[in-house]
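Just so you know, all these numbers are worked out from the coordinates, no wet-lab data involved. The structure presented is a predicted model; accordingly, all values stated were derived computationally and were not measured. Don't worry about glycine lacking a Cβ; one is built from the backbone with ideal geometry, like all the others, and counts go over all protein chains shown.
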Amino acid sequence: MIKNKTNVKETKDALISRGLERVFINRYTLDDVTKKMRKMVLFHPEILTGYFKAIDNHNALNEVFKSANEFEIDLSEIPFWKKKINSIADLATSTDGSVSELWYGNADYIISAANMVQDFDWKKLFDNMSILQDNNNYLRTSYKTVAKRYSETNPLLFKSHVENNIFFTKDRKPAYPVRGIMYSHYVGLGFLTKKTARKIRSDGSEDSSLSGLKTLTDNLDLYSNSDELLLQFTDSKYEGVVLHLVDTLPEYLLASIMGTPFYWAKRKLESRLEAIEKAREAAKNLLNESESEV
């Protein structure tokens, strides 16, 4: 009799666990029944008491946080989930391989949890992910997200990181995609100087150099010396950089790139100058017509 009861309990537990697993399987689209079941579990996590292991894996937890976001459920306001969120965020500094799984894109829920923890230390997670990313030419989405959050929450520490590890180091620098994203955030935070602008201009990668310049041209209002900073790029060895300058330099600075050796940049510059002249002539004719009517 005792053995039968044990078998029944084991069967019941197995069925419940299997059911929970099915609810949080990654699906391209969710049917209405699955949506309702997910909402029920998220709002009433006591259902998971004794069965959390059924969804304690990367795939299921990714679905948990993705669904909470879609359903606009703040998990941090629910005691059960708040405790889990803190435990998950701790994985950012663990040595069990969780950071590697996050970097590979298998554990994005760790970032979701970290975003819900007040005063989360993004520097630690960034440092851990940098070990994996710095020498890799494929830029992982998770790393980009963490780098952005680090720059936003600790701008001065981020500034020091970029200067100590890229601008003013004699050691091996991170791979070009990493340098590019570091330049972008650094410039976007308003830290660019004439000296660091020259460093970006001289970067060994066109993509990295262009990334820094594009952020500058998108954020000129951050810099009172924006003209001076733009001029640091005009003698770039990369045609892509000069082409971007042709498109974005104020008219009064275009003379600074007229001596460019790049064929397509020259043609594009000629086209822009012609367009400026045509616009000027059109405005002049319009003014003359208005004066004649008077």
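Could you tell me whether any residue of segment 258-266 is closer than 25 Å to Ser226 by Cβ, of a type in the set (Ser, Thr, Tyr) and surrounded by 13 or more Cβ atoms within 10 Å (Cβ to Cβ)? Don't jump to the end; show me each part of the working.
At the first step, the residues of segment 258-266 found to be closer than 25 Å to Ser226 by Cβ are 258-260, 262, 265-266.
Adding the requirement that they be of a type in the set (Ser, Thr, Tyr) leaves 260.
With surrounded by 13 or more Cβ atoms within 10 Å (Cβ to Cβ) added as a condition, the list becomes 260.
For segment 258-266, residues closer than 25 Å to Ser226 by Cβ, of a type in the set (Ser, Thr, Tyr) and surrounded by 13 or more Cβ atoms within 10 Å (Cβ to Cβ): present.
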### Query
Does segment 41-69 hold any residues that are crowded, with 19+ Cβ neighbours inside 10 Å, closer than 21 Å to Lys12 by Cβ and among the hydroxyl-bearing types (Ser, Thr, Tyr), and which are they?
none
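State the number of residues belonging to segment 241-257 that are of a type outside the set (D, E, K, R), in a helix (DSSP H, G or I) and surrounded by fewer than 16 Cβ atoms within 10 Å (Cβ to Cβ).
Here is the first cut: in segment 241-257, the ones of a type outside the set (D, E, K, R) are 241-246, 248-250, 252-257.
Next, only the ones that are in a helix (DSSP H, G or I) stay: 241-246, 248, 252-257.
From the residues that got through so far, the ones that are surrounded by fewer than 16 Cβ atoms within 10 Å (Cβ to Cβ) too are 248, 252-253, 255.
Going through segment 241-257 one residue at a time, the tally reaches 4.
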### Task
State which residue is surrounded by the fewest Cβ atoms within 10 Å (Cβ to Cβ) when the search covers only segment 79-110 and only residues that are closer than 28 Å to Asn137 by Cα and among the polar types (S, T, N, Q).
Thr95
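On the basis of being within 27 Å of Val178 (Cβ to Cβ) and in contact (Cβ under 8 Å) with a residue 12 or more places away in the chain, does Leu75 make the cut?
Values: within 27 Å of Val178 (Cβ to Cβ): no; in contact (Cβ under 8 Å) with a residue 12 or more places away in the chain: yes.
No, not satisfied.
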### Task
Specify the residue that is farthest from Leu230 (Cα to Cα); the eligible residues are those in segment 150-200 that are touching a Leu at 6+ places or on another chain (Cβ under 9 Å) and of a type in the set (Gly, Ala, Ser).
Ala175
### Query
Which of (1) over 24 Å from Thr215 (Cβ atoms); (2) among the small types (Gly, Ala, Ser); (3) free of Cβ contacts under 8 Å to residues at least 12 places away in the same chain does Ser160 not meet, given it meets every other one?
(1)
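Yes or no, residue by residue, for (1) of a type in the set (A, V, I, L, M, F, W, C); (2) surrounded by fewer than 21 Cβ atoms within 10 Å (Cβ to Cβ); (3) in contact (Cβ under 8 Å) with a residue 12 or more places away in the chain:
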position: Pro174; (1), (2), (3): no, yes, yes
position: Arg179; (1), (2), (3): no, no, yes
position: Tyr183; (1), (2), (3): no, no, yes
position: Gly190; (1), (2), (3): no, yes, yes
position: Lys194; (1), (2), (3): no, yes, yes
position: Asp207; (1), (2), (3): no, yes, yes
position: Gly212; (1), (2), (3): no, no, yes
position: Asp221; (1), (2), (3): no, yes, no
### Message
Could you check segment 150-172 and list, in sequence order, the residues that are over 19 Å from Lys194 (Cα atoms) and surrounded by fewer than 17 Cβ atoms within 10 Å (Cβ to Cβ)?
### Response
Glu152, Thr153, Asn154, Pro155, Leu157, Lys170, Asp171, Arg172
### Complete set of residues in segment 110-151 that are free of Cβ contacts under 8 Å to residues at least 24 places away in the same chain and part of a helix (DSSP H, G or I)
Ile110, Asp127, Ile131
